[in-house]
Amino acid sequence: MERMDAVVVGAGLAGLTCAYRLACEGMQVLVLERGDHPGSKNVTGGRIYLRPLRPYLPELWDKAPLERQVTKEVITMMSAGAAFTAQFTSDKFREHSYTILRSRFDKWLGERVVERGGFIVPQRRVTDLLREDGRIAGVVSEGEEIPAHVVVAADGALSLLAEQAGLRGPLAPRHAAVALKEVIKLTPPVIEERFGLSPGEGAAHLFFGAITEGVFGGGFLYTNQETVSLGLVLGIDSFLRHPAARETHAIFEAFKGRREIAPLIKGGELVEYSAHLIPEGGNKPVRQPYTDGFLVAGDAAGLALNMGITVRGMEFAMASGYLAAQTVKQAKEKGDYSATTLAAYATLLKESFVLKDMETFRRSLDVLENPRMTGFYPAWVCKVMEDVFWIGEGPKQRVSFTIWKGIRQGLFNLRAIKDLLRLRRI
Amino acid sequence: MHIAVLVKQVPDSEATVQVKADGSGVEIEDRYTLNFFDSLAVEEALRIKGQGGDVVVTIITLGGQKGVEALRTGLAMGADQAVLLDDPAFAGGDEYATAMVLAAALKGMQVDMILCGKEAFDDSSGVVGPLVAEFLSMPSVTSVVKIQLAPDKGSALIEREIEGGKEVIKVSLPVLLSAQKGLNEARVPPVMGVMKAMRAEIKKLDLAAIGLPATVVGRAGSKEEILRYHRHPQRPAVTMLQGEAADIVRQVVGLLKEEAKVI
Ligand SMILES: Cc1cc2nc3c(=O)[nH]c(=O)nc-3n(C[C@H](O)[C@H](O)[C@H](O)COP(=O)(O)OP(=O)(O)OC[C@H]3O[C@@H](n4cnc5c(N)ncnc54)[C@H](O)[C@@H]3O)c2cc1C
């Protein structure tokens, strides 16, 4: 049987980008995807930052089916009955980040792969790695052996293949969050009016605090062209430890019903519902993303970053897919697909923004996972604001005094000072 | 031995299909697949080929880019070659005109057996196969659930499904057989087959190639014309009955007597 240059497992952003690059280089590449088509199983928030990616795939972006360019950043901190929102807009935020719907985007990217001569076979789950003389030599899909010089595992957060290749252990609860997401259909004019946007502009809105009911996590809302993506992320470990956590969908329903959310989605039609894992791996990627005849990219390699103010995984998936393709190309030129040659991948990742940013924000989760970050502090901010704005029956204290009192009560203790100092890690 | 299989790309069973507001046609979501019964026909041809001897399996479809997809699925499963009948003149034909084109193309192919599905999932008319057989003056057996070829390949024992049982028929070749559920279980095309199929050359035959005048094909050659489509009548609103169980039962009996008039 003929041996492909590369078999890519998973038609997500990492896999498709890798396949696209390999096909552009005239290499024989096959993508196997378990879903009905690329994108059918893929979930993101989401928004994608184009600036880091433009140098990699300059030709792609002008025609890419992106939703809206985000010009408005909104963060809301919530207590049980109150919410404090900070909003930021900037003229500089043009062509910076874009909202995206994966079912649409991945399908499109898949078409670009096929256009360049790559093969994508959907509805095929890869079940095993094919080994010859102990070394990885392809994949097995439902009993069928598919030989290849290199296997690129881009099979997402739960990556069975990276595990089988011995590059990482099974995903532990500590290493993952579960996300529930709904795509709700409105119309472009309604979206623009509700969120105060011009046509083509979008908003990214994050929510922290009481909505996660004591569990580590947060909510998000992104405006797409004619839909909004509303979701809730819950840390699995924190969820399991929580003594009285309600079922995830109950938490999500309560979130949707909040006074700050309900009017934003009023009258909308639910068009997509999904649940997905986010690898948070403590923001730590797999130590060695390669072995003989094998590379791992994207979420499968643990390349996803929770920076608190945003989640980044898509740029890392695409960039790592691209760099994996560069490595495979070099290996083909050398005619050597051993770990020695493929180690170049690790170097490329280190030199790119991918591992640099991963390294910078390596410990940001330690800070964010602190239960007080989603419990005490958002509630505290809301309480101080309540006091500042409240005018009751009795005499009122000076505003400066009220704020000062709030700071003294909330932050003048050893715990809070420690928390503040830890903030430097973000 | 040459086996031809007639195939058609049809909307997936999960695709949403809606009658247009003016009833002039239907809107179909872009989710298509090889017609289920046709996949059984392709499978059967491949199984006969698998029994040995010199067997060539050709799959044939009438109709554009969607048709190519059906052919590629057949090739991915393992068919030897594929033929696309494609010409603007073929457009808008009814079953009669479609069968006319298929038969003309098959005439030049020296086939020993034609397999097709018992009906297409979309229009469920189930007559194209038998019409092709008529045009080619060969026997046809429909709703086939078993095919047993004689060792000399000159005849076959066929089982077909009939109400409450099966009918066993001996028929001489060439013959057209239409596949019914139960004939076999179609294989999932192997990945390597899918890749081979994506690269395979597909032979195209147009009006000139099959040698028919434009007047007997497509819209011009059709005997029937679809006038309009009707939507399913809207289901009337549901009434929820309230109260004690015994009371509800009394209400239900009353409604069945007076409103539905069934008891
Ligand atoms: C709710 C949520 C919000 C997020 N928000 C953002 C955001 O705003 N911005 C951002 O940049 N990132 C965000 N992320 C992270 C980002 O979505 C991921 O990092 C990114 O999708 C990873 O891409 P990938 O190609 O590595 O994996 P995936 O997109 O998960 O693709 C993996 C593919 O592999 C397939 N597959 C898996 N196993 C097999 C198998 N055995 N055989 C065949 N196919 C298989 C799957 O079907 C899938 O198509 C978010 C994630 C979630 C879940």
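The values are calculated or read from the model by the stated rules, or taken from the named source; none is laboratory data. In this text the structure is predicted, and so the values were computed from the model without any measurement. All Cβ positions, even for glycine, are placed from backbone atoms using ideal geometry, and neighbour counts span all protein chains on display. Heavy atoms of the whole protein, side chains included, go into the accessibility calculation; ligands, DNA and RNA do not. Shrake-Rupley method; radii C 1.70, N 1.55, O 1.52, S 1.80 Å.
Among the numbered conditions (1) within 20 Å of the chain's Cα centre (by Cα); (2) at pLDDT below 95; (3) of a type outside the set (V, I, T), tell me where A:R68 comes up short.
(2)
Scan (1) open to solvent by less than 10 Å² (accessible area, probe 1.4 Å); (2) in a loop (DSSP other than H, G, I, E, B); (3) within 12 Å of the ligand (Cβ to nearest atom) for the single condition A:C18 breaks and write down its number.
Every condition holds for A:C18 apart from (2).
I need every pair where a residue in segment A:32-46 that is over 19 Å from A:V178 (Cβ atoms) and basic (K, R) has its Cβ under 6 Å from the Cβ of a residue that is near the ligand (Cβ under 6 Å from one of its atoms) and assigned to a loop (DSSP other than H, G, I, E, B), sequence separation at least 6 or different chains.
Within 6 Å, the pairs are A:R34/A:R125.
Please go through segment A:221-246 and give me each residue that is open to solvent by 50 Å² or more (accessible area, probe 1.4 Å) and under 30 Å from A:E193 (Cβ atoms), ordered by number.
A:Q225, A:E226
Quick check, is B:L241 at pLDDT below 90, touching a helix residue (DSSP H, G or I) at 6+ places or on another chain (Cβ under 6 Å) and open to solvent by less than 70 Å² (accessible area, probe 1.4 Å)?
Working: at pLDDT below 90: yes; touching a helix residue (DSSP H, G or I) at 6+ places or on another chain (Cβ under 6 Å): yes; open to solvent by less than 70 Å² (accessible area, probe 1.4 Å): yes.
Spelling it out, B:L241 is indeed at pLDDT below 90, touching a helix residue (DSSP H, G or I) at 6+ places or on another chain (Cβ under 6 Å) and open to solvent by less than 70 Å² (accessible area, probe 1.4 Å).
Step by step: first the residues of segment A:139-159, then only those that are open to solvent by 10 Å² or more (accessible area, probe 1.4 Å) and within 11 Å of chain B (Cβ to nearest Cβ), then the one that is farthest from the ligand (Cβ to nearest atom). Which residue is that?
A:P147
Search segment B:37-57 for residues that are part of a loop (DSSP other than H, G, I, E, B) and pair each with any residue that is of a type outside the set (G, A, S) when their beta-carbon atoms are under 7 Å apart and the residues are at least 6 apart or on different chains.
These pairs meet every condition: B:G53/B:M1; B:D54/B:M1; B:V55/B:M1; B:V55/B:I3; B:V55/B:I48; B:V55/B:K49.
Can you pull out every residue in segment B:81-106 that is out of contact with any helix residue (DSSP H, G or I) (no Cβ under 8 Å at 6 or more places or on another chain) and assigned to a loop (DSSP other than H, G, I, E, B)?
Answer for segment B:81-106, where residues must be out of contact with any helix residue (DSSP H, G or I) (no Cβ under 8 Å at 6 or more places or on another chain) and assigned to a loop (DSSP other than H, G, I, E, B): B:A91, B:G92, B:D94.
Just one of A:E73, A:E95, A:E67, A:E115 is away from the ligand (no atom under 14 Å from the Cβ) and at negative phi; which is it? If you could, list the steps in order and put the result at the bottom.
On the way: A:E73 fails: away from the ligand (no atom under 14 Å from the Cβ); A:E95 fails: at negative phi; A:E67 fails: away from the ligand (no atom under 14 Å from the Cβ).
Going through A:E73, A:E95, A:E67, A:E115 in turn, the sole match is A:E115.
For segment A:247-305, what are the residues that are in a loop (DSSP other than H, G, I, E, B), away from the ligand (no atom under 14 Å from the Cβ), closer than 27 Å to A:A153 by Cβ and open to solvent by less than 10 Å² (accessible area, probe 1.4 Å)? Let's see the steps before the verdict.
We begin by selecting, within segment A:247-305, every residue in a loop (DSSP other than H, G, I, E, B); these are A:247, A:258-261, A:266-268, A:280, A:284-289, A:292-293, A:297, A:302-304.
Remaining after also requiring away from the ligand (no atom under 14 Å from the Cβ): A:247, A:258-261, A:266-268, A:284, A:287-288, A:292-293.
Imposing the further condition that a residue be closer than 27 Å to A:A153 by Cβ reduces the set to A:284, A:287-288, A:292-293.
Across segment A:247-305, the qualifying residue is only A:G293.
State all residues of segment A:22-46 that are buried (at least 20 other Cβ atoms within 10 Å of the Cβ) and more than 6 Å from the ligand (Cβ to nearest atom); if no residue qualifies, say none.
Matches in segment A:22-46: A:L22, A:A23, A:M27, A:V29, A:L30, A:V31, A:P38, A:G39.
Is it true that B:M109 is part of a helix (DSSP H, G or I), among the hydrophobic types (A, V, I, L, M, F, W, C), in the same structural domain as B:G129 (by TED's automatic domain parsing) and open to solvent by 10 Å² or more (accessible area, probe 1.4 Å)?
Details: part of a helix (DSSP H, G or I): no; among the hydrophobic types (A, V, I, L, M, F, W, C): yes; in the same structural domain as B:G129 (by TED's automatic domain parsing): yes; open to solvent by 10 Å² or more (accessible area, probe 1.4 Å): yes.
Answer is no for this residue.
Answer yes if at least one residue in segment A:123-138 is more than 14 Å from the ligand (Cβ to nearest atom), open to solvent by less than 30 Å² (accessible area, probe 1.4 Å) and away from chain B (no Cβ under 14 Å), and no otherwise. Show your work before the answer.
Here is the first cut: in segment A:123-138, the ones more than 14 Å from the ligand (Cβ to nearest atom) are A:131-137.
From what's left, open to solvent by less than 30 Å² (accessible area, probe 1.4 Å): A:136-137.
If we keep only those that are away from chain B (no Cβ under 14 Å) too, we end up with A:136-137.
Yes, the conditions are met somewhere in segment A:123-138.
Would you list the helices (runs of 4 or more DSSP H) that sit entirely within segment A:160-245 and hold 1 or more residues that are farther than 18 Å from A:L277 by Cα and within 11 Å of the ligand (Cβ to nearest atom)?
On the way: elements: A:160-164, A:188-195, A:236-241.
So the answer is A:160-164.
State whether one or more residues within segment A:331-345 are in contact with a strand residue (DSSP E or B) (Cβ under 8 Å, 6 or more places away or on another chain), in a loop (DSSP other than H, G, I, E, B) and open to solvent by 40 Å² or more (accessible area, probe 1.4 Å).
No: zero hits.
Of these, A:G268, A:G293, which one is at positive phi and not charged (D, E, K, R)?
Numbers: A:G268 fails: at positive phi.
Only one candidate passes the filter, namely A:G293.
Return a yes/no flag: does segment A:82-99 have any residue that is basic (K, R), within 14 Å of another protein chain (Cβ to nearest Cβ) and assigned to a loop (DSSP other than H, G, I, E, B). Show your work before the answer.
Of all residues in segment A:82-99, those basic (K, R) come to A:92, A:94.
Pick out the ones that are also within 14 Å of another protein chain (Cβ to nearest Cβ) and you get none.
No, segment A:82-99 contains no residue that is basic (K, R), within 14 Å of another protein chain (Cβ to nearest Cβ) and assigned to a loop (DSSP other than H, G, I, E, B).
Would you confirm whether any residue within segment B:117-125 is polar (S, T, N, Q), touching a helix residue (DSSP H, G or I) at 6+ places or on another chain (Cβ under 9 Å) and either under 25 Å from B:D87 (Cβ atoms) or not assigned by TED's automatic domain parsing to the domain that holds B:L205 (or both)?
Taking segment B:117-125 as the starting set, the residues that turn out to be polar (S, T, N, Q) are B:124-125.
If we keep only those that are touching a helix residue (DSSP H, G or I) at 6+ places or on another chain (Cβ under 9 Å) too, we end up with B:125.
Of the ones still in play, those that are also either under 25 Å from B:D87 (Cβ atoms) or not assigned by TED's automatic domain parsing to the domain that holds B:L205 (or both) are B:125.
Yes, that holds for at least one residue.
Does B:E27 qualify as being over 27 Å from B:V144 (Cβ atoms) and in contact with a strand residue (DSSP E or B) (Cβ under 9 Å, 6 or more places away or on another chain)? Before the answer, list the steps.
On the way: over 27 Å from B:V144 (Cβ atoms): yes; in contact with a strand residue (DSSP E or B) (Cβ under 9 Å, 6 or more places away or on another chain): yes.
So B:E27 fits the description; yes.
Inside segment B:118-167, can you point out the residues that are hydroxyl-bearing (S, T, Y) and over 21 Å from B:A45 (Cβ atoms)?
Across segment B:118-167, the qualifying residues are B:S124, B:S125, B:S137.
Give, as residue ranges, the strands (runs of 3 or more DSSP E) completely inside segment B:112-226 that count at least 2 residues that are in contact with a Leu (Cβ under 8 Å, 6 or more places away or on another chain) and either open to solvent by 30 Å² or more (accessible area, probe 1.4 Å) or within 14 Å of chain A (Cβ to nearest Cβ) (or both).
Working: elements: B:113-117, B:140-149, B:155-162, B:165-172, B:175-179, B:203-205.
Per the criteria, B:140-149, B:165-172, B:203-205.
Consider segment A:21-73. How many of its residues are within 14 Å of chain B (Cβ to nearest Cβ), in contact with a Ser or Thr (Cβ under 9 Å, 6 or more places away or on another chain) and either part of a strand (DSSP E or B) or of a type in the set (S, T, Y) (or both)?
Counting residues in segment A:21-73 that are within 14 Å of chain B (Cβ to nearest Cβ), in contact with a Ser or Thr (Cβ under 9 Å, 6 or more places away or on another chain) and either part of a strand (DSSP E or B) or of a type in the set (S, T, Y) (or both) gives 2.
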